[in-house]
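Working notes for the structure below.
The values are calculated or read from the model by the stated rules, or taken from the named source; none is laboratory data. Bear in mind that the values here come from a model prediction, so they are computed numbers and not experimental data. Here the Cβ positions follow ideal geometry from the backbone for every residue, glycine too, while neighbour counts run over all protein chains shown.
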Amino acid sequence: MTPAHAGAGAEPGRGPALLSLTEATVRFPGGPALDGVDLEVAEHEIVCVLGPSGSGKSTLLRAVAGLQPLDSGRVLLEGRDQARVPAHQRGVGLMFQDHQLFPQRDVGRNVAFGLQTRAVPRDQRELRVRELLELVGLPGAGRRAVASLSGGEQQRVALARALAPRPRLLMLDEPLGQLDRSLRERLVVELRELFDELGTTVLAVTHDQGEAFALADRVVVMREGRIAQAGSPLEVWQRPADAFVARFLGFDNVVDATVSGEVADTAWGKVPVPDGSAQGAQTLLVRPAGVRLVPAKEGLRCRVAARTFRGTHVAVHLQPTDAPRLEAACGLRDAPAVGDAVGVVFDPDEVVVLG
Amino acid sequence: MAVAGPEVAAAERQPGPSAGDRTKRGWRGSAARLGLMALPVAFFAVFFAYPVSAIVSRGLRTDGAWHFGRFADVLSDPGILGVLWFTTWQALASTALTLLIALPAAYVFARFTFPGKQVLRAVVTVPFVLPTVVVGSAFLAVLGRGGLLDELWGLRLDTSVWAILLAHVFFNYAVVVRTVGGLWSQLDPRQEEAARMLGASRIAAWRKVTLPALGPAVAAAALMVFLFTFTSFGVVKILGGPAFSTLEVEIYRQTAQLLALDTAAVLTMVQFAAVGSILAVHAWTVRRRESALRLVDAAHTARRPRGAGQWALLGGVLLTVVLLILVPLGVLVERSFNTSTGYATTYYRELTSQEGGAFLVPPIDAIGNSLQYALAATVIAVVIGGLAATALTRRAGRLVRGFDALLMLPLGVSAVTVGFGFLIALDEPPLDLRASWILVPLAQALVGVPFVVRTMLPVLRAVDVRLREAAAVLGASPWRVWREVDLPLVRRALLVAAGFAFAVSLGEFGATVFIARSDNPTLPVAVATLLGRAGELNYGQAMALSTLLMLVCAVSLLLLERIRTDRTGEF
């Protein structure tokens, strides 16, 4: 799979595209923030845009929201061009990175805001606010001051506020960015369940791959304003499109290689590659699970530089004599100690020739 | 219980010290507050309350007995009632008009970047520091007989109230632009974006999200404008003619022309009461609206205008500035060169000569005097006002709130009264400052302090309490907390406040005219003296000196703007 036909469009059978961007471009003084982006989001689909900071993912959301005008290209919602539709009439919701709750309003009046602008009668409004606060797990918090909320509670209120007017598309900018890890992991599951239950169409951006994989039906990786790869979490995880995506996903064993037949020539010596791999000058990814430790006399000779406990396994950082470092995943009991000399061989099943 | 055990035991073991600590800290807190308030209170007692009470007692006391019957006499006079009514409604109208015209400009200054923004910011502030007499003359030259509009279209407004209202807007435009715009530029624009994503139009988002956050600043600005226009003196005196007179003009007339000190004293107290009640209302609204705002760096909130509407708004604001501010100032400059024999620098050359002049010294010396006085007054105002604002930031009871209102009073009391009071109260033991140069800066600082407090307080109050707590936990003393946490955040506000104090001091006229010595005149006093004399040469010199004053102000303000961006660029 190459970036050019990375399949950013909705796949057939998913239903009509609710959101579609064609050649969307936004130029900032420092360079393009969005560079010819094509993207489709189908109804009821949850799409996560993943990328490092400065990759243009927030600009993407702002362009869809109508807060950032496009320099060229189009944004279509349900097939209709949004160029002349102001932000407040697009019927999309946006949850801001730092929530942007209104400090002068209490929790209930924050959630009610989007209903007031749509002139929902008072009794229905109150009903809906109560319902939403229950939905996000804050029943009876309506009269609380925003300033008295914890980070997680603020996040829930922001979510309730964004959901209240029933937007046709809900966008989340780093939805869990400021929360602590365990809360984040719990909330990601809650969000996923909630969106499945409500059938919400979601476009989220995050820099956290764990969050993206847990939340999304489809992941879009961005780099410097362009889409580097798009696909299901499994596809992206198993076959990163290029060295950038692989490194961004946390894989460090990436190396230049010359492939001939079923063997690649690398700085780490000969590495076996799967059948039918592309030939010639390529970039190779070796997953940590594919780095097997053997006695020092066999294979590539390395010294153990560091080891970190990862719960299910131990990540062992290996320093070959004159080659880049390697990361290996070892069982909890048989991991070598720091300073040990070990040998390394490679498992072709865990080696990927990147595009 | 087993788990909680150790903690409970520890808490029980040392009940005494911790409780004692708390009391001690509470006591130390209020002691610190009293310490902060001591200097401003003493300053106001000696240089404000004492002179004002001196003038009041001189007016209402004869032969050791009070004559309160004067109140009824004065207040049943239909002429006085007319003055009261006019004073009130023209102040309301001026305030409303100023807000209407200046709020869009506050928005433009806060949210847009455009070439020449700094120069423009200084330009709109210039009117505020001009002597009121000069503004009156400039508007007369535009709107009056033989004025610009008269020459062009045969239109004269000097006999209508519009001349007064427009001159008031001209004066107070900067108050709104700077007070409201300063806070506005630090409000996170994404708050409005969040509202727009929830279906609010641009205007609705502004009304529901930004306006409540701006509320205290708008109220503060409106209050200032109302007080200035309520106590307007020079403008009304020149443009009002015999038809329109404010309380202040009436007090001056009663004091200086009719020598009716008792009537003037009654009117002073009426003005006092009116101003007091306005301030009480203000304190109440501010208290109701206080909320911790999320302030962000102003450098990131402004951007280039986008779309026809925003460019049109910017264009409209620029056009307003040109018509309302540049045209009168331009006419002023034009008059300073316009001699009977064509354009020449005659008037400027005359400023350096002593021949047959109105003063003991060349008029040009007034520039140096004015700068020295204004600098001293700024230092005093910033120290007193800064201490007061810091004391007011810590929320506390009635005492502090009363203190807040007290600080605003000099704004409402007629400057004429203050000047006259200085003259009769500080000229004999125990406090004889008659011969001291500090007298003028003290009077000017008195007028400058409320600006410092009003500008700094909204920002100081909006500083997140947790930042102070974080610093305190790290071992910082209250003074250090202020220096490390508050000061960097409020430096911008502090500089704006200092600029205001400087500008107000430079242009102060009503009080200074009583106490500046004739061998050390300030610029406004020199201008007024020249204007008061007949002859084309004196008028021309007044215009020339006003032009110089305008330049001095513009240059000082430009320097200030530069410091401001240099220093505040990094946070």
Can you give me the number of residues within the range B:175-221 that are free of Cβ contacts under 8 Å to residues at least 60 places away in the same chain and over 26 Å from B:LEU409 (Cβ atoms)? 21
Please note which helices (runs of 4 or more DSSP H) are completely contained in the range B:501-571 and include at least 3 residues that are at pLDDT below 75 and not aromatic (Phe, Trp, Tyr). B:536-568
If you scan the range A:79-103, which residues turn out to be away from chain B (no Cβ under 11 Å), assigned to a loop (DSSP other than H, G, I, E, B) and in contact with a strand residue (DSSP E or B) (Cβ under 6 Å, 6 or more places away or on another chain)? A:GLN82
How many of the residues making up the range A:121-136 are without any contact (Cβ under 8 Å) to a residue 24 or more places away in the chain and either farther than 23 Å from A:GLU193 by Cβ or not basic (Lys, Arg) (or both)? 9
Just to be sure, is B:ALA264 under 30 Å from B:LEU531 (Cα atoms), at pLDDT 80 or above and of a type outside the set (Asp, Glu)? yes
Against the condition touching an Asp or Glu at 6+ places or on another chain (Cβ under 7 Å), surrounded by fewer than 23 Cβ atoms within 10 Å (Cβ to Cβ) and assigned to a loop (DSSP other than H, G, I, E, B), how does B:ALA476 come out, does it pass? yes
Looking only at helices (runs of 4 or more DSSP H) that lie completely in the range B:171-248, which have at least 2 residues being within 14 Å of chain A (Cβ to nearest Cβ) and at pLDDT below 85? B:211-230
Test result for B:VAL135, touching a helix residue (DSSP H, G or I) at 6+ places or on another chain (Cβ under 7 Å), modelled with pLDDT of 85 or more, more than 30 Å from A:VAL111 (Cβ to Cβ) and more than 14 Å from chain A (Cβ to nearest Cβ): no
With respect to B:LEU120, determine if the residue is more than 19 Å from B:THR98 (Cα to Cα), part of a helix (DSSP H, G or I) and modelled with pLDDT of 75 or more. no
From the list A:GLY51, A:GLY56, A:GLY66, which residue is surrounded by 21 or more Cβ atoms within 10 Å (Cβ to Cβ) and within 14 Å of chain B (Cβ to nearest Cβ)? A:GLY66
Out of all the residues in the range A:261-268, is one or more over 28 Å from the mean Cα position of the chain (by Cα), in a strand (DSSP E or B) and not hydrophobic (A, V, I, L, M, F, W, C)? yes
Which of the residues spanning the range A:158-172 are within 12 Å of chain B (Cβ to nearest Cβ) and out of contact with any strand residue (DSSP E or B) (no Cβ under 6 Å at 6 or more places or on another chain)? A:ALA160, A:ARG161, A:LEU163, A:ALA164, A:PRO165, A:ARG166
In the range B:165-173, is there at least one residue being among the aliphatic types (A, V, I, L, M) and out of contact with any Ser or Thr (no Cβ under 7 Å at 6 or more places or on another chain)? yes
From the residues in the range A:108-134 that are touching a Leu at 6+ places or on another chain (Cβ under 7 Å) and of a type outside the set (S, T, N, Q), which one is nearest to the other protein chains (Cβ to nearest Cβ)? A:GLY114
Tell me which residues, restricted to the range A:206-239, are crowded, with 16+ Cβ neighbours inside 10 Å, over 11 Å from the mean Cα position of the chain (by Cα) and among the aliphatic types (A, V, I, L, M). A:ILE227, A:ALA228
Considering only the range A:313-355, give the strands (runs of 3 or more DSSP E) lying wholly within it that have at least 2 residues that are within 18 Å of A:GLY250 (Cα to Cα). A:314-320, A:326-330, A:351-354
Mind telling me which of the residues B:ALA174, B:ALA243, B:ALA219 ends up being buried (at least 23 other Cβ atoms within 10 Å of the Cβ) and among the aliphatic types (A, V, I, L, M)? B:ALA174
Does the range A:32-50 hold any residues that are in contact with a helix residue (DSSP H, G or I) (Cβ under 8 Å, 6 or more places away or on another chain) and either at positive phi or among the basic types (Lys, Arg) (or both), and which are they? none
Which of the residues belonging to the range A:145-154 are within 14 Å of chain B (Cβ to nearest Cβ) and either free of Cβ contacts under 8 Å to residues at least 40 places away in the same chain or among the β-branched types (Val, Ile, Thr) (or both)? A:ALA145, A:VAL146, A:SER148, A:SER150, A:GLY151
Could you tell me whether the range B:317-326 includes any residue that is more than 30 Å from B:THR529 (Cα to Cα), modelled with pLDDT of 80 or more and surrounded by fewer than 17 Cβ atoms within 10 Å (Cβ to Cβ)? yes
The residue that is nearest to the other protein chains (Cβ to nearest Cβ), considering only those in the range B:303-343 that are hydroxyl-bearing (Ser, Thr, Tyr) and over 30 Å from A:PRO69 (Cα atoms), is B:SER336
Is it true that some residue in the range B:157-171 is over 27 Å from the mean Cα position of the chain (by Cα) and over 30 Å from A:THR117 (Cα atoms)? yes
If you check A:VAL219 against the conditions, is it farther than 16 Å from A:VAL92 by Cα and either in contact with a strand residue (DSSP E or B) (Cβ under 6 Å, 6 or more places away or on another chain) or among the β-branched types (Val, Ile, Thr) (or both)? yes
